[in-house]
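The values are calculated or read from the model by the stated rules, or taken from the named source; none is laboratory data. It should be emphasised that the depicted structure is a prediction, and the values quoted were computed from it without experimental measurement. Because the Cβ atoms are built from the backbone with ideal geometry, glycine has one as well, and the counts that use them run over all protein chains shown. Heavy atoms of the whole protein, side chains included, go into the accessibility calculation; ligands, DNA and RNA do not. Shrake-Rupley method; radii C 1.70, N 1.55, O 1.52, S 1.80 Å.
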Amino acid sequence: MKRFLDLGLQPLANSYLDSRNINKKEKKFKLVVAFNPKNYLVSILNTVSKEKMFNENYPYKSSESLTMRKAFKKFSIKIKKRFKPNTILEIGSNDGAFLKNFSKKKIVGVEPCKNLARITKKKGYKTFSEYWNLNLAKKITKNKKVDLIYSANTLSHIKNFSEIFRAINFSLNKTGVLILEDPSLLECIKKAAYDQFYCEHIYVFSSISLQKILDNYNLEIFDIENTSTHGGSNRYFIKHKLNKLYKISKNVYKNFKIEKRNGLHKLSTYKKFARKVLDSKKKLNQIFDNLIFQQKRIIGYGATAKSCTVLNYCKIKKSYIKFFYDTTSFKINKYLPGTKIQIRKYKKLTTKEVDYVFLGAWNFKDEIFKKEKEFIKNGGKFITHVPYPRIL
Ligand code: JHZ
């Protein structure tokens, strides 16, 4: 493993503090990102146990955003048309944003965070509140394998590939399809979006690295869609190598080629990225320092896991950002890990209250800008660090 980026000491990204534990010393870990020249995998070096991150206090809900709800709905229609699955398994079903687009008879969810699994169970969806592994796969699909397995933003969170893919191979029909969706490393590099790295994101995949991993389990990518979700993601359509039902699409070779053209197989690319990240840190600090010097009122918008990396890496002072607005009920009246900036219940932005807004949820810029049309019309401004620090 070749380390190329040091994002400093970081708290757990989704461990929001409340008034009872705000003065407690937070556990921090060294966030260092490395590249494996053998399989092109980019990963963080120090990992945190899954139990510490994914438990009954997990705050993130995929249904909180209109963009995500729409994206899952649109994709579920495509899945029904293209693959006509009779049985589906979703790994990491969160609060059911994807699940709810299917009949309760056809789909089963796996969600280890009990607070989230409770939501889909309540709606009548069969949900196993356990970590995905071979034992669970045997429990769910011992008698009947499934036609399709879907998992969005989950694979990048699970350290042990063998645990995941052996279980998938057990549960999937011989002619079945596995669909994985995760942030794209190419987009992350292009946008200098270093905030895709935090404790939960153990890996950020390229298609060339994912195929190398899949080779170990006799699986292969037969199609790829590049999507705009989460700042640019890849949706991988995967099958068993012996499954001849699907031909490998040109898209796959195109993605491999583009990634190689952008040097995702070379350490020098990541070293260059690290230099860009350092520059981004300097520029973001300059923007904040200037605005504070001018006595501008700054708040944050979207207390994301990504914000945790940015604020702690750039050492943005607590006094610089008055508070963050967020729509997630679980985050309200809590404090961001590390910086301890308060999170308040979302209210429409107004220039009477604020001058500049740091876009923590930059991946939802279009949705947010639509919502805050009036604020923008009245001269309200946003600060972003993606693809480079600037005022919008
Ligand atoms: P969002 C989480 O990362 C964690 P985060 C996780 N590890 C992961 O992989 C990705 O999701 C998928 C708020 N918001 O989606 C809601 C508003 O307040 O970028 C959310 O708290 N108003 C599982 O946390 C946050 O922003 C709005 O109008 O980086 C968005 O979080 C909108 C659109 C969002 O994921």
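For region 195-230, taking the residues that are in contact with a Phe, Trp or Tyr (Cβ under 7 Å, 6 or more places away or on another chain), in contact (Cβ under 8 Å) with a residue 40 or more places away in the chain and assigned to a helix (DSSP H, G or I), the one that is most open to solvent (accessible area, probe 1.4 Å) is identified as K212. Exactly one residue among N115, N153, N173, N133 is open to solvent by less than 60 Å² (accessible area, probe 1.4 Å) and on the phi > 0 side of the Ramachandran plot, and that residue is N153.
Of all residues in region 250-289, those satisfying the criterion of being of a type in the set (A, V, I, L, M, F, W, C), open to solvent by 10 Å² or more (accessible area, probe 1.4 Å) and in contact (Cβ under 8 Å) with a residue 24 or more places away in the chain are F256, I258, L267, A274, I287. Within region 136-150, restricting attention to residues that are within 25 Å of R82 (Cα to Cα) and of a type in the set (D, E, K, R), the residue that is least open to solvent (accessible area, probe 1.4 Å) is D147. Summed over region 367-391, the residues that are in a loop (DSSP other than H, G, I, E, B) and open to solvent by 50 Å² or more (accessible area, probe 1.4 Å) give a count of 3. If you go through region 265-278 and keep only what is assigned to a helix (DSSP H, G or I) and over 16 Å from T309 (Cβ atoms), you end up with L267, S268, T269, Y270, K271, K272, R275. Cβ separations smaller than 7 Å between residues 6+ apart or across chains give the following pairs from region 294-307 residues that are on the phi > 0 side of the Ramachandran plot and touching a residue at least 40 places away in the same chain (Cβ under 8 Å) to residues that are within 12 Å of the ligand (Cβ to nearest atom) and open to solvent by 20 Å² or more (accessible area, probe 1.4 Å): G302/F364.
Scanning region 56-71 for residues that are open to solvent by 20 Å² or more (accessible area, probe 1.4 Å) and either part of a helix (DSSP H, G or I) or within 11 Å of the ligand (Cβ to nearest atom) (or both) yields Y58, Y60, K61, S63, E64, L66, T67, R69, K70, A71. If you go through region 13-33 and keep only what is buried (at least 18 other Cβ atoms within 10 Å of the Cβ) and of a type in the set (S, T, N, Q), you end up with N14, S15. Total residues in region 34-51 satisfying the condition of being within 16 Å of the ligand (Cβ to nearest atom) and either part of a loop (DSSP other than H, G, I, E, B) or surrounded by 12 or more Cβ atoms within 10 Å (Cβ to Cβ) (or both): the figure is 7. Count of region 187-229 residues, restricted to those that are touching a Pro at 6+ places or on another chain (Cβ under 9 Å), under 17 Å from Y388 (Cα atoms) and within 13 Å of the ligand (Cβ to nearest atom), is 2. Restricting attention to region 329-381 and to residues that are among the small types (G, A, S) and on the phi < 0 side of the Ramachandran plot, the residue that is nearest to the ligand (Cβ to nearest atom) turns out to be A361.
Among the residues here, K74 qualifies as within 21 Å of A361 (Cβ to Cβ) and not in a loop (DSSP other than H, G, I, E, B). Residue count for region 290-303, restricted to those that are within 16 Å of the ligand (Cβ to nearest atom) and open to solvent by 70 Å² or more (accessible area, probe 1.4 Å): 0. Would you check if there is a residue in region 152-166 being among the basic types (K, R) and more than 30 Å from V42 (Cβ to Cβ)? There is no residue in region 152-166 that is among the basic types (K, R) and more than 30 Å from V42 (Cβ to Cβ).
Cβ separations smaller than 8 Å between residues 6+ apart or across chains give the following pairs from region 238-249 residues that are surrounded by 12 or more Cβ atoms within 10 Å (Cβ to Cβ) to residues that are among the small types (G, A, S): K239/G176; H240/G176; N243/G176.
Looking only at region 304-328, residues that are out of contact with any helix residue (DSSP H, G or I) (no Cβ under 6 Å at 6 or more places or on another chain), near the ligand (Cβ under 10 Å from one of its atoms) and either more than 28 Å from N115 (Cβ to Cβ) or not small (G, A, S) (or both) come to 5 in all.
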